[in-house]
1. Determine whether the range B:128-135 contains at least one residue that is in contact (Cβ under 8 Å) with a residue 24 or more places away in the chain, in a loop (DSSP other than H, G, I, E, B) and more than 14 Å from chain A (Cβ to nearest Cβ).
2. From the list B:GLY346, B:GLY360, B:GLY336, which one is of a type in the set (Gly, Ala, Ser) and assigned to a strand (DSSP E or B)?
3. I'd like to know if the range B:100-108 contains one or more residues that are at the interface with another protein chain (Cβ under 10 Å from one of its Cβ atoms) and surrounded by 18 or more Cβ atoms within 10 Å (Cβ to Cβ).
4. Restricting attention to the range B:418-435, which residues are surrounded by fewer than 24 Cβ atoms within 10 Å (Cβ to Cβ) and either aliphatic (A, V, I, L, M) or within 14 Å of chain A (Cβ to nearest Cβ) (or both)?
5. Could you give every pair whose Cβ atoms fall below 7 Å, whose first residue belongs to the range A:262-281 and is away from chain B (no Cβ under 11 Å), and whose second residue is assigned to a loop (DSSP other than H, G, I, E, B), counting only separations of at least 6 or pairs across chains?
6. For the range B:61-78, which residues satisfy the criterion of being facing chain A (nearest Cβ under 7 Å), more than 15 Å from B:ILE29 (Cβ to Cβ) and surrounded by fewer than 18 Cβ atoms within 10 Å (Cβ to Cβ)?
7. Before we move on, is A:TYR354 touching a residue at least 24 places away in the same chain (Cβ under 8 Å) and either surrounded by fewer than 20 Cβ atoms within 10 Å (Cβ to Cβ) or among the small types (Gly, Ala, Ser) (or both)?
8. Could you list, in sequence order, the residues of the range B:185-208 that are over 18 Å from A:ILE430 (Cβ atoms) and within 18 Å of the chain's Cα centre (by Cα)?
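The values are calculated or read from the model by the stated rules, or taken from the named source; none is laboratory data. The model shown is predicted, which means the values in this text are computed figures rather than measured ones. Cβ sites come from the backbone with ideal geometry, for glycine too, and all protein chains shown count toward neighbours.
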Amino acid sequence: MGNITRRKFLKTGAQGVALASVPFLFRINPLAALATPNPDAMTLRDYFDHFGVTETAAKEVMEAALSKGGDFCDLYFQHTVSTYIGLEDNVVNRAYTNVDLGVGIRVVKGDQTGFSFTEEISPKAMKLAAKTAANIASGPGGSAPGSFNPYDPPNYYPIETDWETVGVESKMPILRTMNDMIFGLDKRIIKSRSGFGDDTSYILYLNSDGIITYDYQPSSSLFISCTAEQDGQVESSYADYAGRYGMEFFTPEKVERLVKKSIDRTVVLFDAVKPDAGEMPVVLGAGSSGILLHEAIGHGMEADFNRKNTSIFADKIDKPVAEKFVSIVDDGTNKNMRGSINIDDEGQPTEKTYLVRDGILRSYMHDLISAKYYKVKPTGSGRRESFRYMPIPRMRNTYMLDGPHTRDEIIASVKKGLYAEHFANGQVQIGAGDFSFYVKNGRLIEDGKLTKPVKDINIIGNGPQVLSKVTMVANDLTFAEGGWTCGKAGQGVPVSMGLPTVKVSAITVGGVNS
Amino acid sequence: MNRNERRELAHWVVKQTLKAGADEVSAYISNYRQVDCSYRDEKLEELNESTQNSLSLNIYVDHKYSGHTTNDLRRDALTGFIEEATAMTKFLEPDEFRALTDPKFYKGRQNMDLEKADPAYDSITADKRVKMARQAENAAKNQSDKIITCTGAYGDSYAEAIRVHSNGFEGESSGTSHYNYAEATMEDKNGGRPSGYYYGQCRYFEDLPTSQFCGEDAVRRALAKVGQKKLPSGRYDMLIENRTAGRLLSSLYSPMTARNISRKNSFLDGKLGQRVGSEKLTMIDDPFVIRGMGSRLFDGDGISAQKRVMIDKGIFKAYYIDNYYGRKLDMEPTSGGTSNIIMEYGTKDLNTMIKGIKKGILVNSFLGGNSNDTTGDFSYGIVGQYIEDGQLIHGVNEMNISGNLIDLWQQLVDVGKDANPYSSWRLPTLQFHDVECSGA
């Protein structure tokens, strides 16, 4: 290769690949290509090249950011390429791509934050944004760090083939296979649509404490929905997978399982009834029922709400909140899981944070501002939807650890109640502590047995009260397979959750009065 | 980027995409500036200001379709972007219904000033913004000594956009938006920290609710929640406050779309001309409301906007039909999305409606919940006030309402005159009779 520079080499490689149908490669600098042949091998230097910035330029931007007396600033560079292919009524009749590029500049003074972003990665535009963000403070200027401490993060989401080299013609067969299968497996299916999405983000992060780090974040999802008709009754449902997966995840077995799940969830609704209204025991099936944790305690344990005294959990650290066999964690290290992060969006290492350990409330989820306020170590929970937003404490993968019971004994212990299996959405008011989640599929429990299917029920309760009413926890922790997005302060981040089979002794079920 | 530059760029993008092999193209370019600030504990907590742009490109090649967005609008970057996006489209499958809107629907565009852009926007200074936020927080703080913390916030934005279609459509739009906000969290000796907020958003700065009112109302709402508890399960009369009624009405929107009809995901399928609600339910889609948050002269398909009665005294009159699903169902497109929603309003304000309830619940907000577009089943968490003999008695929480939307909307017995001006959906308080509630 002699003296061919890295840039020229990348350009040559990409042109060859561009003959196929790869989703387009966004060219930040039109003279340089983007995707390296092997993102796993990218170094910090490669990330600088990727964004066309230098350490010197970053320092100048920081000087501008701190010019009015802020005590901290950070630069969050992001480049995301996403693709979606959709099939409806037997035709792959849509595809969408999105390219996003920019840098978010934050200035912090105490617990006050100034923020601005620019989509133009030039020193001039960045300095202008930095000066805008600097307006949060008013005082003598600070200076940029003399040197940076690079942090090479671990990799919790290794994949085999990066999505930027997978063309649409490789994804279409999966959709077509699912489509043929779903109509073939059940003659009651009258409509179906499916979609395959993926996105890849390159992140470069620097802050005035001298931290400098980077991440490569793949993500993908596959969904199929169907509508079925029987004796004039029409019902619909769906199933999906989502995670930080590469193409290798979507094996024929996984694909077939998804189709069957979608059909099963749909046709069971033909026989579904509404439960009685009011308080009753509810057993949550293992898996995405982890939404219970996300709403009942997760948001309430985000440190910003507690720092501001608005959360019902603000005065409960080190107090018992649940039975001794209940432990709840928020974890960024689960392999290839949707809510996992190698670094958070403040350049902090991620970890497994115990929210509740053996029944005692132990730790909030902190961003840098909160960690400083509480004088604790950051927990790697500072996340943001994109460079357009300032980071705030967010969840990652929230789940409860295994307990001493079994699923069978839990169900057998309920005389009259509800078994909740499949969920749509949830919400919480962290001050009052009230939360709810919506059950799309479930079953009645009568005399210790699962009986009639039920559908479309909202369940509502109070976080601390419900936690104290978790009376049985099984040994079958399972994680959600589908995709969940958490919304807070107008920004969404990908998350996941998990739960073993759990019994809540009493909670209000949105049924009908008999 | 000024208007002329944007217009030139949009035409250039269309030309380039046709050159790259597309049969039809639509391009939409927008620029947007947003400023937000918030005050808490007597200091400026957050200050946020940025400008962004975006290009959305829809490409049709042999009836194959794809859509692309990017925020890098430099021509040298766009050239490669357009080439690759067009190349990718060729790998998809043809769908005979994928084509741009028939140009006959571009005709008849109204030529009126909807007053979407406030001329006063340019004169709002950074100091003024911070002052608004500070005033709202101050107003809240002074209402009660049981306040744990409160926040005041103000924000505004300005957007300009152009849409160009290769089959002859061109349209520009611009608009401003301002909001005032306050939030307060109270002590509740029963445990918990109930909170309340007030949010008012409008096109013109002068139409905003005052910072004083926002602060006062946020505290009033938080105080009303102190001591809240659930009622026994049963059937209750219900008032849905105007600012939260949109949540309930939106359960009708998706089933009204041609998209959902085509997918057989609609319990309103086949019900055109039939009764889907009581005589009190009249839902009008009006794009021409002066200073309306949803006002427009044309939609994303280029279709010229028209005022339409969607539901007339409970009779279902019209679907929301976009270009693609309209072609698929062989229906003339109207528009796939809502503009402003207005109703036929009643004669009573909220207080009068409360006085008319013997035993019921005033719902101030929903907490989670959902509805099923295919069957009309719904279940929502509710938060509000218990009403007895026309008086607000105590806060209500941890309750759900459930049932089927076909039944529920027939139980709409009255609507107020209090249209919410701070939303594109200008809904009044809704009164329902005999709603299934689950509680204790």
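1. Looking for residues that are in contact (Cβ under 8 Å) with a residue 24 or more places away in the chain, in a loop (DSSP other than H, G, I, E, B) and more than 14 Å from chain A (Cβ to nearest Cβ), one finds none in the range B:128-135, hence no.
2. Values: B:GLY346 fails: assigned to a strand (DSSP E or B); B:GLY336 fails: assigned to a strand (DSSP E or B).
That would be B:GLY360, the only listed residue that is of a type in the set (Gly, Ala, Ser) and assigned to a strand (DSSP E or B).
3. no
4. B:ALA419, B:ASP434, B:VAL435
5. What qualifies is A:ILE263/A:ASP186; A:VAL267/A:ASP186; A:VAL267/A:ARG188; A:PRO281/A:VAL414.
6. The first filter runs over the range B:61-78 and keeps only residues facing chain A (nearest Cβ under 7 Å), leaving B:65-72, B:76-77.
Those left that are additionally more than 15 Å from B:ILE29 (Cβ to Cβ): B:65-66, B:76.
Hit for the range B:61-78 is B:ASP76, nothing else.
7. Working: touching a residue at least 24 places away in the same chain (Cβ under 8 Å): yes; either surrounded by fewer than 20 Cβ atoms within 10 Å (Cβ to Cβ) or among the small types (Gly, Ala, Ser) (or both): yes.
Considered against the rule, which asks whether it is touching a residue at least 24 places away in the same chain (Cβ under 8 Å) and either surrounded by fewer than 20 Cβ atoms within 10 Å (Cβ to Cβ) or among the small types (Gly, Ala, Ser) (or both), A:TYR354 comes out as yes.
8. Taking the range B:185-208 as the starting set, the residues that turn out to be over 18 Å from A:ILE430 (Cβ atoms) are B:189, B:198, B:200-208.
Residues satisfying the conditions are B:TYR198, B:GLY200, B:GLN201, B:CYS202, B:ARG203, B:TYR204, B:LEU208.
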